[in-house]
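The values are calculated or read from the model by the stated rules, or taken from the named source; none is laboratory data. Given the structure is predicted, the values throughout are model-derived calculations rather than measurements. As a convention, Cβ positions derive from the backbone with ideal geometry for all residues, glycine included, and neighbour counts pool all protein chains shown. The accessibility values were calculated without ligands, DNA or RNA, using every heavy atom of the protein model including side chains. Shrake-Rupley method; radii C 1.70, N 1.55, O 1.52, S 1.80 Å.
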Amino acid sequence: MSKSVNRLRKLVLSSLVIIVTVTAIATGALAAPSQSTSTVSSLPWMDTSLSPEARSELLINAMTLEQKIQQLAGARGAIPELPECGTPGRHVPGIPELGIPTFRITNGPVGLGGGDCSPQDKATALPVALGLAASFDQDLAYAYGNLMGGEARTLGLHELEAPGINLARLGENGRNFEYMGEDPYLAGVLASKEIQGIQDNDIIAMSKHYVLNDQEQNRGSVNVNIAENVLHELYLLPFEMSVKDGNVGSIMCSYNRVGGTYACENEYLLNTVLRDQWDFKGYVQSDFGATHSTAPALNAGLDFEMQSNRFFNDVAIKAALDNKSLTIETIDQALDRRYVQMFKYGIFDRPIVRGTIDAVTNGSQARDIAEQTAVLLKNEGNLLPLDSSVDSIALIGQTTYIDAAVAGGGGSSRVSPLYTVAPLQGLQNTLDKLGSDATITKVTVAKDNSNLDAAVAAAKDADVVILMAGVVTSEGRDRPSLALPDNQDAMISAISAANEKTALVLKDGDPVLMPWVNEVPAILEAWNPGQEDGNVVANLLFGLANPSGKLPVTYPVSKADTPTSTADRYPGINQGVLDSNGREIPQVYYSEGLEMGYRWYDAQGIKPLFAFGYGLSYTDFEISKLVVTPKTTDGTKPIKVSFFVQNTGEVAGAEVPQVYLGLPENANQPPKRLVGFEKIWLEPGEKKHVSITIDPSATNHPLSIWDADADAWKTLDGSYKVYVGNSSDKITLTDSITVRTPAGHSK
């Protein structure tokens, strides 16, 4: 568009805005936006036949500088469209005379968390995201996102801050429960499906926290030191997949520094990688309080400051414009990136209305989802599923885990659930369904174990014991250790010794140490199951649901076995580097490189307690007859990995065959990486042929490594090993392929 035409359009539209504004004031439309519907609908950018890009351009050209600045940041205050919501702070005030609605935001990613209505809107508390990752189920990830997106739409919201896809580099991270485990491919696949589920409800999804916000300790000040290839191959990869496969509408930049620069003003991350390399078309929003500058942040690619306008305010932006450190084109670009998404998802075109969530339907879906996330870690003597003919059950544990549903972790993602089902109620519900008249004795153990004797006595008197333990973590702080808190280890040992038929249910959001693992016959990892906790766990324990989850994180034998057991790797060390205020900047070094998660255990030859991808079932499976084609490729053609999976047991269940790839020795990689998986449901005796494709052009770059010198992915010639199994340490089938690439091949 020529400059003269642009100027003419601005003059015409500015005149139109003046006329519309005068009309709106005269009719009282500014005080009551709903009264100006016909006037607003006549604005050129409200023409729904135009593309989102065209509508955004028309709108921005009609805005004054002051209006543009006001739209660059969130604010606390009343919502004209929803006066009943008080003065929440997760929105951008609208501009009624321009037809710009209040842009309303809610947190995720385990249900609608901190929202934009006071008191907080109630919503469905889903199982934690780490549990979703344990499902290894793409359809379930879509359903998870679809449920959240549907509830956001019902409550008149526009943006859902989910999914969280930081990797579980360390087990102590207080927000692991919000994320999807240690493998970037698993996280990227499931996040992309969740995003699609959210955005199919015309709600903007947001991938967070970009990037390397992998610890809560010192999260606002720590500087992450990392090799470029490690950054791309591990920590950026799920974000790249969420952009290219999920088509996510927004990205949230994180609190921490990367290579000495805050993530929210890091031009390499926000412009070079996100826009130039990945062609991201959406907008970047800061984490709340993660903005540290005005012109540097906007110029680096940050588009939107939350929660308030500390830096993106009238005074600071006008000063930056005056001193030429910022241009109006950059401001327009920041607004355009968000407005295009808002127009794309119909946010300008629907009224803001708070409806009522269908608690029964969504609660049932939450229960179904949670039942597929649980991981059966141990089942000696086939203690599980429990026999409904038992006469007496002892339900034992600390109050957090047996007196109420463990609906999720703490912090901004905390959901205010529509209802909850406590463990005792859930057990009774399941027993009623089974026609059992078993009695339940509940003993709540004090944190200091002062009444442990009473719990032991109850355990001895019962036919079976259901013992519940765990840890509930929170944003803002890491766990002090990988051990269970509040003397639970001693409780578990004592109760297990009192009754050999003890089933332990773990409710946590990350791996825990298990010094008592050989003392307990059955262990079910239920995560933080969400509001349907009681029903979910009882259905799993009594076999109304068959555990089908696989671990998305490795469980170590000891802290010393982990890749982050030294202070320089976590929580970081001080080396005399000061910020502009003279404060020490902690330095954390990702010196384990690519050896993170199961890759560390493989490379170091360390046997974990429970491996990534591990999970038992109430039935048995066999994977057989591996065929890999072609055996020789140029590194560009898809590779087909096929085999059979059979349920050799007596009950229906699901298996998750996993495909790993080992790169040539000169790639300097850990022994293998996950490149494919599929959840297969089988009736007793049923056998299915499964085919998984390894596509070299896929967004996870399965055959490639990052070449920092070339700023590109490249595929090396050589022999690639193909591994198929049902966990990272149980590979039952192997083969290999040979790659001979054209000279200089990269992608």
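For this structure, a couple of remarks:
- DSSP finds beta bridges in the chain, and of those with both partners inside it, around 55 percent are antiparallel.
- Estimated inter-spin distance, Asn429 and Gln277, nm [label 7 Å along Cα→Cβ]: 4.6
- Relative to the longest principal axis of the Cα atoms of the chain, the long axis of helix 488-498 lies at roughly 30 degrees.
- Average silhouette area of segment 325-438, convex hull of alpha-carbon atoms, in square nanometres: 13.7
- Long-range tail of P(r) for segment 430-526 (Cα pairs > 15 Å, %): 63
- Selected from Thr629, Thr502, Thr291, residue furthest toward positive end of dipole (the chain; charges at beta carbon): Thr291
- Summing Lys and Arg as +1 and Asp and Glu as -1 over all other residues whose Cβ lies under 11 Å from the Cβ of Ala708 gives a net charge of -4.
- Electrostatic tally near Ala483: other residues with Cβ closer than 15 Å to its Cβ, Lys and Arg +1, Asp and Glu -1, net -4.
- Here the dipole of segment 204-300 is about 220 debye; that uses its Cα centre as origin and unit charges on the Cβ of Lys and Arg (positive) and Asp and Glu (negative).
- Rg/Rh for the chain, where both radii come from Cα atoms and Rh is the Kirkwood radius: 0.99
- Averaging Cα coordinates gives a centre for segment 243-312 and one for segment 562-577; these two points are 26 Å apart.
- Positive-end residue of Ile60, Ala652, Pro547, charge dipole of the chain with Cβ unit charges: Ile60
- Relative intensity of segment 650-747 on a log10 scale, I(q)/I(0) at q = 0.17 Å⁻¹, equals -0.80, per a Debye sum over C-alpha point scatterers of equal strength in the absence of solvent.
- Panel note: the C-alpha atoms of segment 252-380, placed on their principal axes, show extents of 68, 45, 28 Å (largest first).
- Taken about its Cα centre, segment 63-179 carries a charge dipole of roughly 200 debye when the Cβ of each Lys and Arg holds +1 and the Cβ of each Asp and Glu holds -1.
- With a cut-off of 12 Å between beta carbons, the residues surrounding Ala446 carry a summed charge of -2, where Lys and Arg count +1 and Asp and Glu -1.
- Toward the positive end of the charge dipole of segment 262-417, with +1 on the Cβ of Lys and Arg and -1 on the Cβ of Asp and Glu, the farthest Cα among Met306, Ala319, Ser412 is that of Ala319.
- Measuring r between the beta carbons of Thr693 and Asp729 and using R0 = 25 Å, the FRET efficiency lands at 0.55.
- Solvent-accessible area, 1.4 Å probe, carbon plus sulfur percent, for the chain: 49
- Using a cut-off of 22 Å between Cα atoms, the listed pairs Lys378/Lys730; Lys688/Lys730; Lys193/Lys637; Lys122/Lys442; Lys559/Lys607 include Lys193/Lys637; Lys122/Lys442 as exceeding that distance.
- Shape box of segment 33-158 [Cα atoms, principal axes, largest first, Å]: 49, 34, 26
- Every helix of 4 or more DSSP H residues in the chain counts as -39500 (n - 2.57), and over all residues that averages to -7500 deg cm²/dmol at 222 nm.
- Calculated SAXS-style log₁₀ I(q)/I(0) at q = 0.12, 0.16, 0.21 Å⁻¹ - segment 605-694, Debye, Cα scatterers: -0.47, -0.78, -1.09
- Hydrodynamic radius of segment 672-726 per Kirkwood, over alpha carbon pairs, in Å: 14.0
- Assuming charge only on the beta carbon of Lys and Arg (+1) and of Asp and Glu (-1), the dipole of the chain about its Cα centre is about 1560 debye to the nearest 20.
- Here the calculated FRET efficiency for Leu544 and Thr441, from their Cβ-Cβ distance with R0 = 22 Å, stands at 0.50, rounded to the nearest 0.05.
- Accessible surface, per residue, of segment 591-747 when the full set of protein chains is kept, probe 1.4 Å, Å²: 42
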